[in-house]
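Colleague: First the structure, which I've put down as structure tokens, then a few questions once you've had a look.
The values are calculated or read from the model by the stated rules, or taken from the named source; none is laboratory data. Only a predicted model underlies this, so the values are computations on that prediction, with no experimental measurement involved. Note: ideal-geometry Cβ built from the backbone for every residue, glycine included; neighbour counts use all protein chains shown.
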Amino acid sequence: MRGMLRKGPGWVAGIDRALVHKVSRFPGGGHDDLFRRLSAAANNGKLWFGIAGVLATFPGKPRRAALHGAIAQGVASAVTNLVFKKLLPRARPLPEHLPLFRFVNPQPTSSSMPSGHSASAVAFTLGAGLVQPVLGAAVAPLAAGVAYSRVHTGAHWPSDVFFGSLIGAGAAMVTRKWWPVRPPFPETARSRTDAAKVPGGEGLSIIVNTLGGSYAPETIGALREVFPSAYIREISEGEDIAAETEAAATRPGVVALGVWGGDGTVGTAAATAVAHSLPLLVLPGGTLNHFARDAGTSTLEAAVEAAARGEAALADVGHVTVARGLAGNPERLELIMLNTASIGLYPNLVRRREQLQPALGKPLAGVVAMFRTFAAGTATTMLVDGVRHKLWIMYVGRGRYYPRDHAPLVRPVLDDGVLDLRMITADESFARARLLWSVLTGTVATSRITHLREETRIKVDSAGSPLVLAVDGEVIPGVRSAEFTVMRDALTYYSPSENS
């Protein structure tokens with residue numbers, strides 16, 4: 001095989017010489033300069049990295065397509081230059097095979113077989129196209145032009161281009177497994193019920209946490225305008241949110257409880273609403289308010305309409321029993337979990353992701369935040385349902401969150417009866433390297449270090465040092481153990497109907 005490639009005999013070499021001869025007979029013109037410039041632009045992958053950089057400025061599929069295309073191009077280039085060019089040495093076309101005005105100068109000195117330009121072009125184009133086909137189709141003519149330019153300028157034989165293209169296609173398909181297609185999110189589904197109608201806020205008590213990230217002096221005025229008959233209680237720094245929420249919920253004539261604040265404040269209000277069998281109106285406020293989004297009240301207008309019409313739905317809540325403090329005499333806490341709980345590095349991951357999200361978009365922000373968090377973080381040792389683990393993250397969601405990877409974002413169903421358990425372990429050898437590689441290649445969800453399952457009960461125990469547990473964003477230090485269960489359909493919340 002090596003001899004054939006050096007000397008050029010055989011049917012492959014015959015076809016190559018015949019095709020190059022046909023190319024050499026094309027008349028000269030502006031196209032010669034075009035192909036020469038196109039070939040030079042693709043040197044060292046510069047053309048594809050440039051396109052990837054432009055695509056990365058657009059969040060969502062264009063950005064993911066750029067990343068997958070760049071990964072595929074990198075793999076194809078490495079395989080071509082480090083493996084096949086050394087295994088299959090072959091002389092490049094000579095000046096007598098093509099007109100001198102067209103012949104590339106200086107001629108590359110590496111093996112002609114296979115074409116690295118072609119491998120990179122096809123890998124990037126197909127890699128991006130697998131994520132967003134319209135982008136692949138748009139780039140395909142450019143990739144074809146680069147591949148042909150290598151024959152037109154005398155840098156490669158046609159079979160070099162063909163073999164390089166096969167390598168590029170293979171790299172795109174192999175790396176597609178590293179960047180799996182996210183399954184579609186389920187349709188939003190709510191178990192509808194009726195709740196007290198509170199037009200204008202009559203019979204509604206609203207607590208407002210003034211420390212919420214989006215609080216402004218005009219917040220109270222806006223709430224009074226749409227709920228003129230409601231009782232509105234501002235909670236300032238230093239006040240007991242739980243006590244003030246309890247007082248607001250037990251006022252005479254109260255038939256519904258409203259809350260404006262972040263996840264922690266909403267969780268406190270949910271616990272109070274469950275305890276007093278009151279429907280909960282979650283208003284769009286606070287630094288983070290995931291439940292308002294899940295409930296369909298992410299705008300004030302939607303919340304006002306649902307409350308006025310008594311449109312509501314049922315949600316499960318999590319019940320968390322926490323033992324903390326001294327091992328011999330622990331303090332016991334009973335908590336309601338509306339959204340999520342976590343142990344380990346997850347709070348740091350979420351904080352970084354939220355900071356990066358406006359600039360990078362959700363998917364890429366999750367990848368960058370995770371890479372930064374785990375590059376310097378340390379694992380936590382604990383027992384999960386009696387099994388000892390070293391964990392980077394233990395995440396418990398009340399209900400199935402999507403996507404099914406390290407960065408859950410949305411929860412289409414609020415009453416599915418399960419706890420969403422996600423663990424990223426450090427039990428395996430080379431745990432940090434495995435983790436960072438899976439983040440870089442987008443394979444966290446399918447990696448051996450990731451464990452996803454659904455439960456109705458989860459028990460966590462510290463294995464020595466007390467744990468730090470975050471429940472709906474509120475941090476609880478000194479935890480010795482925590483038990484999570486599901487309370488089915490325990491919360492009634494206002495939610496606009498589909499026909500509203």
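Colleague: Taking A302 as the residue in question, decide whether it is crowded, with 23+ Cβ neighbours inside 10 Å and either part of a loop (DSSP other than H, G, I, E, B) or at pLDDT 90 or above (or both).
Modeller: no
Colleague: Based on what the data block shows, is G296 in contact with a strand residue (DSSP E or B) (Cβ under 7 Å, 6 or more places away or on another chain) and of a type in the set (G, A, S)?
Modeller: No; evaluated as a whole, the condition is false for this residue.
Colleague: A follow-up question, please. Determine the pairs where a residue that is in contact (Cβ under 8 Å) with a residue 24 or more places away in the chain, located within segment 316-333, has a partner that is assigned to a loop (DSSP other than H, G, I, E, B) and of a type in the set (V, I, T) with Cβ atoms under 9 Å apart, the partner being 6 or more residues away or on another chain.
Modeller: If the second residue must be assigned to a loop (DSSP other than H, G, I, E, B) and of a type in the set (V, I, T), the pairs left are D316/V418.
Colleague: Continuing with this model, one more query. Confirm whether A91 is in contact with a helix residue (DSSP H, G or I) (Cβ under 7 Å, 6 or more places away or on another chain) and part of a helix (DSSP H, G or I).
Modeller: Against the criterion (in contact with a helix residue (DSSP H, G or I) (Cβ under 7 Å, 6 or more places away or on another chain) and part of a helix (DSSP H, G or I)), A91 does not qualify.
Colleague: Within segment 382-393, does at least one residue satisfy the condition of being within 17 Å of the chain's Cα centre (by Cα) and surrounded by 18 or more Cβ atoms within 10 Å (Cβ to Cβ)?
Modeller: Our first condition is that a residue be within 17 Å of the chain's Cα centre (by Cα); within segment 382-393, this holds for 393.
So of that shortlist, the ones also surrounded by 18 or more Cβ atoms within 10 Å (Cβ to Cβ) come out as 393.
Checked segment 382-393: at least one residue is within 17 Å of the chain's Cα centre (by Cα) and surrounded by 18 or more Cβ atoms within 10 Å (Cβ to Cβ).
Colleague: Just one of the numbered conditions (1) in a helix (DSSP H, G or I); (2) touching a residue at least 12 places away in the same chain (Cβ under 8 Å) is not true of K22; which one?
Modeller: K22 satisfies every listed condition except (2).
Colleague: In addition: I'm told A216 meets every condition in (1) without any contact (Cβ under 8 Å) to a residue 12 or more places away in the chain; (2) closer than 29 Å to G399 by Cβ; (3) not basic (K, R) except one. Can you identify the failing condition by its number?
Modeller: Every listed condition holds for A216 apart from (2).
Colleague: Would you mind telling me which numbered condition in (1) part of a helix (DSSP H, G or I); (2) buried (at least 20 other Cβ atoms within 10 Å of the Cβ) A341 fails?
Modeller: Only one criterion is unmet by A341, namely (1).
Colleague: Let me ask you something else. Which one is farthest from F185 (Cα to Cα) among residues in segment 393-431 that are among the aromatic types (F, W, Y) and in contact with a strand residue (DSSP E or B) (Cβ under 9 Å, 6 or more places away or on another chain)?
Modeller: Within segment 393-431, the subset among the aromatic types (F, W, Y) is 395, 401-402, 430.
Narrowing further to those that are in contact with a strand residue (DSSP E or B) (Cβ under 9 Å, 6 or more places away or on another chain): 395, 401-402.
Values: Y395: 20, Y401: 9, Y402: 7 Å.
Ranking the candidates gives Y395 first.
Colleague: Right, something else. L333 versus (1) of a type in the set (A, V, I, L, M, F, W, C); (2) surrounded by fewer than 22 Cβ atoms within 10 Å (Cβ to Cβ); (3) part of a helix (DSSP H, G or I); (4) under 34 Å from the mean Cα position of the chain (by Cα): which is the lone unmet condition?
Modeller: So the condition that L333 fails would be (3).
Colleague: Out of everything in segment 452-471 that is surrounded by fewer than 17 Cβ atoms within 10 Å (Cβ to Cβ) and acidic (D, E), what residue ends up being nearest to the chain's Cα centre (by Cα)?
Modeller: E454
Colleague: Could you pull out the residue among R372, R353, R422 that is free of Cβ contacts under 8 Å to residues at least 40 places away in the same chain, in a helix (DSSP H, G or I), under 15 Å from the mean Cα position of the chain (by Cα) and over 18 Å from D294 (Cα atoms)?
Modeller: Result: R372 is the single residue among R372, R353, R422 that is free of Cβ contacts under 8 Å to residues at least 40 places away in the same chain, in a helix (DSSP H, G or I), under 15 Å from the mean Cα position of the chain (by Cα) and over 18 Å from D294 (Cα atoms).
Colleague: Okay, next question. Could we say that R398 is closer than 20 Å to V471 by Cβ and modelled with pLDDT of 80 or more here?
Modeller: Taking the combined requirement at face value, the residue satisfies it.
Colleague: Any residue at all in segment 472-482 that is within 22 Å of the chain's Cα centre (by Cα) and of a type in the set (K, R)? Break it down into steps so the answer makes sense when it comes.
Modeller: Pass one, segment 472-482, residues within 22 Å of the chain's Cα centre (by Cα): 472-473.
Checking the rest, the ones that are also of a type in the set (K, R) come to none.
There is no residue in segment 472-482 that is within 22 Å of the chain's Cα centre (by Cα) and of a type in the set (K, R).
Colleague: Do you know which residues across segment 425-469 are of a type in the set (S, T, Y), in contact with a helix residue (DSSP H, G or I) (Cβ under 9 Å, 6 or more places away or on another chain), in contact (Cβ under 8 Å) with a residue 24 or more places away in the chain and in a loop (DSSP other than H, G, I, E, B)? Lay out the reasoning, then the answer.
Modeller: Step one: filter segment 425-469 for residues of a type in the set (S, T, Y), giving 425, 429, 438, 441, 443, 446-447, 450, 456, 462, 465.
Those left that are additionally in contact with a helix residue (DSSP H, G or I) (Cβ under 9 Å, 6 or more places away or on another chain): 425, 438, 441, 443, 446-447, 450.
Applying the additional criterion that residues be in contact (Cβ under 8 Å) with a residue 24 or more places away in the chain yields 425, 441, 443, 446, 450.
Listed by number, the list holds a single entry, T443.
Colleague: Whether any residue in segment 29-45 is in the same structural domain as V122 (by TED's automatic domain parsing), assigned to a loop (DSSP other than H, G, I, E, B), surrounded by 13 or more Cβ atoms within 10 Å (Cβ to Cβ) and among the small types (G, A, S) is what I want to check.
Modeller: Yes.
Colleague: A further question on this structure: Does segment 125-137 contain any residue that is in contact with a Pro (Cβ under 6 Å, 6 or more places away or on another chain) and of a type in the set (G, A, S)?
Modeller: Checked against the condition, which is being in contact with a Pro (Cβ under 6 Å, 6 or more places away or on another chain) and of a type in the set (G, A, S), segment 125-137 yields no hits at all.
For (1) under 29 Å from the mean Cα position of the chain (by Cα); (2) surrounded by 14 or more Cβ atoms within 10 Å (Cβ to Cβ); (3) of a type outside the set (S, T, N, Q), each residue gets a yes or a no:
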residue	(1), (2), (3)
Y215	yes, yes, yes
Y231	no, yes, yes
E237	no, no, yes
W260	yes, yes, yes
G264	yes, yes, yes
V274	no, yes, yes
